[in-house]
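Okay, structure first, notes after.
The values are calculated or read from the model by the stated rules, or taken from the named source; none is laboratory data. Predicted model only: the values in this text are computed from it and were never measured. Cβ atoms come from the backbone with ideal geometry, glycine included; neighbour counts cover every protein chain shown.
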Amino acid sequence: MLQFSNVYKRYPEGGDALAAISFRLKPGEMAFLTGPSGAGKSTLLRLIPLIERPSRGQITVGGRNLARLGGGDIPHLRRQLGLIFQDFRLLDDRTVFDNVALPLVIAGFGPTEIGRRVRAALDKVDLLAKERRYPRGLSGGEQQRVGIARAIVHKPPLILADEPTGNLDPALSEEIMLLFRELNRVGVTLLIASHDLGLISRLGSRVLQLDQGRLEPELEP
Amino acid sequence: MTRRRLPRSSRRSSNRLLRWFAALPWVQRLENYFFMHAHLLVASLGRLYRTPVASSLTVLVIAIALTLPAGFHALVDNLGRAGAQLEATNRISVFLKPEIVNEVGSRIARKLAEHPQVQEARLITKEEGLREFQRYSGFGEALRLLDFNPLPAVVAVAPKDSLSRPEDVERLLQDLRGIDEADLVQMDTDWMHKLSAILRIAGRTVGLLDILLALAVLLIVSNTIRLELHDRQEEIAITKLMGATDAFVRRPFLYTGFWYGFGGGLLAWLLMTLLLLLLDTPVTRLAQLYGADIQLQFLSAGKSLGLLLGAAGLGIGGAWGVVDHHLRRMAPS
């Protein structure tokens, strides 16, 4: 589903943000990306939807080599992904429904299909009753669940989450992580950046550990 | 009875056809596409409506920028029309040979009045001519020194349709020059040439003004859209992350630009019409003083449509430029 082969990311102003990164995520797998702040977790995640391009190395998503994708192909790549952010990144002037509908509107779905799919996604994160509310009127946990609904509404094969529980208290974090495990059970591939080691160890999934831009050798679970 | 049964069965099959047609993937895509555009058209107007003061100020500035060239167009149009009208009141003067007496002159005038290209022909006798000359020329004293009247009799001829059929007037002039008793045939077209030269300069000035103010509208719209882009930066970033194409991001701004331009154009048209209405009475009075029957002409349907479409186009163009610039900066490095 996702493969990194000897990937480097170098910024002109600083050294290597990522160096010699190689790993593979099989379809239906769930993995955590951990490491201290500044280890390169966010940078790694930014390379997959081509928010940035790697300096060296090769990344494939669903068998497609990202180096071969031009500017016009990027939107189609991103429609194959579900993105979840630490700060939720919801549109405050739109209702929960409209926020979740966004990927479908972008993909050009019709209004009836949008209504059906958005309600299904909101039902999955247990927010069906709040579809007419605005994000600011919701708690942090609820806002992140809206973000998750938005990430799954177009049924992407791969979901990327960058510190999805970074702004939430432990109880809400656990709730969100359980939601991820549930998604994984129905076949979604997930890569989740998090430094919440306690929570990760309890979930018992695969862990990719970054340190100063390099991937530590993986321990067999 | 048969009339009732037949349509029902055909209606059923046509319904089935319609449903089959509507279920075709490309028909659905097309339907969704049109739905999206209709939605954006309304939504962008709604967005402007939510910031009424800022939006109306922008529209007003655009309208004023557009009223200027539209006003000049109307002015030049009307001047041209007025010139044509005045030309229609133009006279041909047929100076008769000095030895021709008034009786012969009036016979010639009567004969000329029957000419198909002649509206009116009137004799100005030698004596009338002298009186007028003394009154208006300032040479009255000098004339008194002469013991005879040096002025010839003149037939004043008003041609028909001098503007629309200049070649007929030309032919009439030929005919008049062929009269044995005529010494000199003169049509004063000098001022017409001057007017047309002035109109040409005015026309070119208006053309330049059009370009300058179109540029102004373009800049007003781009600047307004640039501010809006700034306000909606996060929204654009998020939609791009969700896989929006540049066209998708651009579209709502193009509609906003369209509304700015179209609204400005519409308001400019209204201002223009109001201006002409206010000027109508005084202009008519002035024209009457010159003996012309001039009606102030409002913007034609074609020019009105041109104004609206041009303004809308400028709005879209201004938005396009600035959004494109913004999107190019967002491309991944």
Worksheet item: Applying the selection to the range A:200-221, what residues are among the aliphatic types (A, V, I, L, M) and either at pLDDT 85 or above or more than 21 Å from A:Leu45 (Cβ to Cβ) (or both)?
Response: A:Ile200, A:Val207, A:Leu208, A:Leu210, A:Leu215, A:Leu219
Worksheet entry | strands (runs of 3 or more DSSP E) enclosed by the range A:5-113 - at least 2 residues per element that are within 11 Å of chain B (Cβ to nearest Cβ) | A:81-84
Worksheet item: Does at least one position in the range B:323-331 carry a residue that is within 14 Å of chain A (Cβ to nearest Cβ), assigned to a helix (DSSP H, G or I) and among the hydrophobic types (A, V, I, L, M, F, W, C)?
Response: yes
Practice prompt. Look at A:Arg133 and say whether it is part of a helix (DSSP H, G or I) and away from chain B (no Cβ under 14 Å).
Written response: no
Response to the item:
If you go through B:Ala38, B:Ala63, B:Ala22, the only one that is in contact (Cβ under 8 Å) with a residue 12 or more places away in the chain and farther than 17 Å from B:Ile225 by Cβ is B:Ala63
Worksheet item: Of B:Thr58, B:Thr51, which residue is among the polar types (S, T, N, Q) and away from chain A (no Cβ under 14 Å)?
Response: B:Thr58
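Of all the helices (runs of 4 or more DSSP H) wholly in the range B:97-194, which have at least 2 residues that are farther than 25 Å from B:Gly83 by Cβ and at pLDDT 80 or above?
Where helices (runs of 4 or more DSSP H) fall fully within the range B:97-194 and carry at least 2 residues being farther than 25 Å from B:Gly83 by Cβ and at pLDDT 80 or above, they are B:102-113, B:126-137, B:166-177.
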Worksheet item: With respect to B:Thr58, is the statement that it is touching a residue at least 40 places away in the same chain (Cβ under 8 Å), part of a helix (DSSP H, G or I), among the β-branched types (Val, Ile, Thr) and touching a Ser or Thr at 6+ places or on another chain (Cβ under 7 Å) true?
Response: yes
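Table: residues versus (1) in contact with a Gly (Cβ under 9 Å, 6 or more places away or on another chain); (2) part of a loop (DSSP other than H, G, I, E, B); (3) outside the structural domain of A:Thr43 (by TED's automatic domain parsing).
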| position | (1), (2), (3) |
| --- | --- |
| A:Ile192 | no, no, no |
| A:Val207 | no, no, no |
| A:Leu210 | yes, no, no |
| A:Pro217 | no, yes, no |
Discussion item. I'd like to know if the range B:272-290 contains one or more residues that are touching a residue at least 60 places away in the same chain (Cβ under 8 Å), in a loop (DSSP other than H, G, I, E, B) and out of contact with any Lys or Arg (no Cβ under 6 Å at 6 or more places or on another chain).
Written reply: yes
Practice prompt. Give the number of residues within the range A:154-175 that are farther than 22 Å from A:Arg64 by Cβ and more than 13 Å from the chain's Cα centre (by Cα).
Written response: 10
Discussion item. Looking at B:Phe253, B:Phe248, B:Phe262, can you tell me which residue is away from chain A (no Cβ under 14 Å) and either free of Cβ contacts under 8 Å to residues at least 40 places away in the same chain or more than 30 Å from A:His154 (Cβ to Cβ) (or both)?
Written reply: B:Phe262
Discussion item. Is it the case, given these coordinates, that A:Leu69 is modelled with pLDDT under 95 and within 25 Å of A:Gln212 (Cβ to Cβ)?
Written reply: no
Response to the item:
(1) among the hydroxyl-bearing types (Ser, Thr, Tyr); (2) surrounded by 13 or more Cβ atoms within 10 Å (Cβ to Cβ); (3) within 44 Å of the chain's Cα centre (by Cα) all hold for B:Ser106 apart from (3)
Item to complete: Determine whether B:Tyr255 is buried (at least 18 other Cβ atoms within 10 Å of the Cβ) and either of a type in the set (S, T, N, Q) or over 21 Å from B:Leu68 (Cβ atoms) (or both).
Response: yes
Worksheet item: Restricting attention to the range A:108-129, which residues are of a type outside the set (Val, Ile, Thr) and crowded, with 19+ Cβ neighbours inside 10 Å?
Response: A:Phe109, A:Arg117, A:Ala121, A:Leu122, A:Leu127
Worksheet entry | Criterion (exposed (fewer than 15 other Cβ atoms within 10 Å of the Cβ), in the same structural domain as B:Ser55 (by TED's automatic domain parsing), of a type in the set (Asp, Glu) and closer than 24 Å to A:Asp92 by Cα) met by exactly one of B:Asp246, B:Asp231 | B:Asp231
Worksheet item: In the range A:180-191, what count of residues is obtained for those that are under 13 Å from the mean Cα position of the chain (by Cα) and either more than 20 Å from A:Leu44 (Cβ to Cβ) or buried (at least 21 other Cβ atoms within 10 Å of the Cβ) (or both)?
Response: 6
Worksheet item: Quick check: is even one residue across the range A:157-164 under 20 Å from A:Pro75 (Cβ atoms), assigned to a loop (DSSP other than H, G, I, E, B), in contact with a Lys or Arg (Cβ under 6 Å, 6 or more places away or on another chain) and in contact (Cβ under 8 Å) with a residue 40 or more places away in the chain?
Response: no
Worksheet item: Does B:Asp183 meet the test of being away from every other protein chain (no Cβ under 13 Å) and either surrounded by 13 or more Cβ atoms within 10 Å (Cβ to Cβ) or closer than 19 Å to B:Leu40 by Cα (or both)?
Response: yes
Worksheet entry | Failed criterion for A:Asp92 (all others in (1) touching a Phe, Trp or Tyr at 6+ places or on another chain (Cβ under 7 Å); (2) assigned by TED's automatic domain parsing to the domain that holds A:Glu142; (3) modelled with pLDDT under 90 hold) | (3)
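Tell me, yes or no, whether the range B:220-242 has at least one residue that is within 14 Å of chain A (Cβ to nearest Cβ) and not in a helix (DSSP H, G or I). Spell out how you get there, then give the answer.
Of the range B:220-242, the ones within 14 Å of chain A (Cβ to nearest Cβ) are B:228, B:231-242.
With the extra rule that they be not in a helix (DSSP H, G or I), the set shrinks to B:232, B:242.
Among the residues of the range B:220-242, at least one is within 14 Å of chain A (Cβ to nearest Cβ) and not in a helix (DSSP H, G or I), which makes the answer yes.
Going through the range A:57-68 one residue at a time, which ones are buried (at least 16 other Cβ atoms within 10 Å of the Cβ) and not hydroxyl-bearing (Ser, Thr, Tyr)? Break it down stepwise before answering.
Within the range A:57-68, the first condition is being buried (at least 16 other Cβ atoms within 10 Å of the Cβ), and the residues that meet it are A:57, A:59-61, A:66.
The answer is A:Gly57, A:Ile59, A:Val61, A:Leu66.
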